[in-house]
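Okay, so here's the structure we're looking at.
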Amino acid sequence: MAETFASATAGPDQDAPLRARLSFDLDVDICVIGAGLAGLTVAIEAARLGASVAVLEGRHIGWNASGRHLGTVMPGYGLPIGDLIERVGLNDARELWQLSKQGADYVRAAAAAMPGMTLTEGALEVSNVDAGETLISRLQTLSEDFSTEVEGWQVDRVREQLGTPRYFHGIHFPRAFQVDSGQYIKGLAGQARRAGVRIFEDTPVVSIDPSGIRKRVVTPSARLRASHIVAAGNVHLGAPLRRLSETLLPVWRYAAVTEPLGERLGETIAFRGSVADSDGVDHFRVVDGDRLMWASPETTWEARPSRFGPVIARRIAAIYPRLGKVAMAELFGGAVGVTVHGMPQIGQVQKGLWVASGFGRQGLNTSAMAGQLIARSILQGDERWKLFSPFELVWAGGATGRVAGHLIGMWGRGSSAVAGALARYREGARARESVREARLAEANRQAGTRSRRPPGMPRPPPSPEAQDEAATRAVASRESEQIRGGSV
Ligand SMILES: Cc1cc2nc3c(=O)[nH]c(=O)nc-3n(C[C@H](O)[C@H](O)[C@H](O)COP(=O)(O)OP(=O)(O)OC[C@H]3O[C@@H](n4cnc5c(N)ncnc54)[C@H](O)[C@@H]3O)c2cc1C
């Protein structure tokens, strides 16, 4: 079984030059710190607009989450759309949403220009609970107020396409798509080089001096001067801008790719896009025809991805018991930066010092959007990044914040899973009850006896409390065991 922490799978790129370290002093227009999705996109866009750009990367291109992820590209942000409207009002929320769609379009166009890249289409957000009403109102908001192509899928369609009774309704995003993460980051680096960007790896930025017109950047073996610095180092930025790093809560997310599952996978899951449950617990898709790529567990501290093989296997078994025993071929993980308000950090924090971070679990469209916004602001005076200014840089609490974040995450994910189990239990109980009623009526008819209840009088249902109690007893222990496992 292969184990990769973050993006080691991005691997050597035959077309790329050998890793270059910055070993001489350099003067450029723009210095970007970090060669992840965000840093590379800012660099490409700025170079295409005529700036001289250097990217300084402490490890190697795509070293963290940007090199290995699930590749789902959707419109929107980590912050739910209702909360976005509440925070900034409908008009600004619409503009922000539009920008997030443009970010997704950017990724599609960039991927289309990468040789050998094949996209898979469509993403499905499924509900763990029977919440048709909520779904309809969300569908209306997305399609009518935010001009987003979406389809509401009834429970039957969701279950037929996904081959599990686990989920209820779904929202299908037919224009969402998936990229291969390794190919995408290599492709971005190639596009950056062709645009004239100079990328230096093994070059950590150890300090910066952002005062003055020409800002100074210090690395272990060289100094660089630039008119603009873009901090795109995400949660690993560290010493050069400690206060900025502390506005992010690092969350390590882990995923696996299974061994080939053969025909049983195709017989079970018909849908070929990606699937995410509405509580953010599981995110998966079929890859290479007969393997599952599955992300689920999270921690607020760094751990080895191999620890999570059994946890992911249990999640798959809970949702797809008919797949039987599933072996893992590869495990990987990476740190995402989560902000207190759930929106990315995009903008100018002081003259000539920019930030592009905090893209959370939805970093493909949002980092692409950030790259465009920042490059256009520096070089063309586009001020749309100011739409993000209501979302201030807020201290995420350092180590205390991590513990609190973990507890809140566990509670949210755990309680929503139990709610899902209750909803499925109620549905099962209703079905079992009507089968029992039919059998009883048939037995009475054959025996020529009458039901002890007057005809037409339905059997009183068990009280909701009794249902909940029974359901909680039946399933909560199993669920909470899985959730505890999922949050190790
Ligand atoms: C398992 C998993 C699945 C995911 N699935 C999806 C998905 O399907 N769709 C989606 O949209 N998003 C997904 N994401 C989220 C997405 O991968 C991230 O949001 C995105 O990669 C963040 O990109 P970034 O450039 O901001 O940060 P990073 O990838 O962290 O890049 C930052 C880079 O900066 C460098 N750096 C930091 N500090 C310094 C310094 N001082 N000097 C020099 N270099 C420095 C680091 O070495 C790193 O390479 C997933 C994440 C994970 C972990």
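The values are calculated or read from the model by the stated rules, or taken from the named source; none is laboratory data. Bear in mind the structure is a predicted one, so any value in this text is a computation, not a measurement. Ideal geometry is used to build each Cβ from the backbone, glycine not excepted, and the neighbour counts take in all protein chains shown.
For every residue, the table says whether it meets (1) touching a helix residue (DSSP H, G or I) at 6+ places or on another chain (Cβ under 8 Å); (2) at positive phi.
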residue: PHE332; (1), (2): yes, no
residue: GLY337; (1), (2): yes, no
residue: VAL340; (1), (2): no, no
residue: GLY347; (1), (2): yes, yes
residue: ALA356; (1), (2): yes, no
residue: GLY363; (1), (2): yes, no
residue: SER377; (1), (2): yes, no
Mind telling me which of the residues SER127, SER143, SER147 ends up being surrounded by fewer than 18 Cβ atoms within 10 Å (Cβ to Cβ), on the phi < 0 side of the Ramachandran plot and of a type in the set (Ser, Thr, Tyr)? SER143
Looking at ALA239, ALA255, can you tell me which residue is under 26 Å from LEU162 (Cβ atoms) and within 13 Å of the ligand (Cβ to nearest atom)? ALA255
Within region 201-218, considering residues that are outside any strand (DSSP E or B) and hydrophobic (A, V, I, L, M, F, W, C), the one farthest from the chain's Cα centre (by Cα): ILE213
Being part of a helix (DSSP H, G or I), within 24 Å of ARG384 (Cα to Cα) and in contact with a Ser or Thr (Cβ under 9 Å, 6 or more places away or on another chain) is true for just one of ARG87, ARG108, ARG94. Which residue is that? ARG94
Please state which of the following conditions SER147 fails to meet, knowing it meets all the rest: (1) away from the ligand (no atom under 16 Å from the Cβ); (2) in a helix (DSSP H, G or I). (2)
What are the pairs, 6+ residues apart or on separate chains, where a residue within region 219-242 that is closer than 23 Å to THR366 by Cα and assigned to a helix (DSSP H, G or I) has its Cβ under 6 Å from a residue that is at pLDDT 95 or above and near the ligand (Cβ under 6 Å from one of its atoms)? ASN234/SER357
Of all residues in region 38-60, count the ones that are out of contact with any Ser or Thr (no Cβ under 8 Å at 6 or more places or on another chain) and near the ligand (Cβ under 7 Å from one of its atoms). 2
Which condition does VAL53 not pass, out of (1) loosely packed, with under 15 Cβ neighbours inside 10 Å; (2) in contact with a strand residue (DSSP E or B) (Cβ under 7 Å, 6 or more places away or on another chain), if it passes all the others? (1)
Taking only pairs six or more apart or across chains, which ones have beta-carbon atoms under 7 Å, a first residue in region 347-364 that is assigned by TED's automatic domain parsing to the domain that holds VAL217 and part of a loop (DSSP other than H, G, I, E, B), and a second residue that is near the ligand (Cβ under 7 Å from one of its atoms) and among the basic types (Lys, Arg)? ARG361/ARG253
May I ask you to list the residues in region 196-212 that are buried (at least 17 other Cβ atoms within 10 Å of the Cβ) and among the hydrophobic types (A, V, I, L, M, F, W, C)? VAL197, ILE199, PHE200, VAL205, ILE208
Is it true that some residue in region 371-382 is under 18 Å from MET74 (Cβ atoms) and either modelled with pLDDT of 95 or more or in contact with a Cys (Cβ under 6 Å, 6 or more places away or on another chain) (or both)? yes
Would you check which residues across region 56-72 are touching a Pro at 6+ places or on another chain (Cβ under 9 Å) and either hydroxyl-bearing (Ser, Thr, Tyr) or surrounded by 24 or more Cβ atoms within 10 Å (Cβ to Cβ) (or both) and list them? LEU56, GLU57
Criterion (free of Cβ contacts under 8 Å to residues at least 40 places away in the same chain, surrounded by 15 or more Cβ atoms within 10 Å (Cβ to Cβ) and within 22 Å of ALA65 (Cα to Cα)) met by exactly one of ARG307, ARG285, ARG315, ARG291: ARG291
Would you confirm, using the coordinates I've provided, whether THR219 is farther than 30 Å from PHE284 by Cβ, of a type in the set (S, T, N, Q) and within 9 Å of the ligand (Cβ to nearest atom)? yes
Would you point out which residue out of GLY78, GLY71 is within 13 Å of the ligand (Cβ to nearest atom), closer than 30 Å to ILE136 by Cα and at pLDDT below 95? GLY78
Sort out which residues of region 245-278 are in a loop (DSSP other than H, G, I, E, B) and either at pLDDT 95 or above or among the acidic types (Asp, Glu) (or both), and write them in order of number. GLU246, GLU259, PRO260, LEU261, GLY262, ILE269, ALA270, PHE271, ARG272, GLY273
Expected output for region 176-193 (first residue in a helix (DSSP H, G or I), partner basic (Lys, Arg), Cβ below 6 Å, 6+ apart or cross-chain) is SER181/ARG68
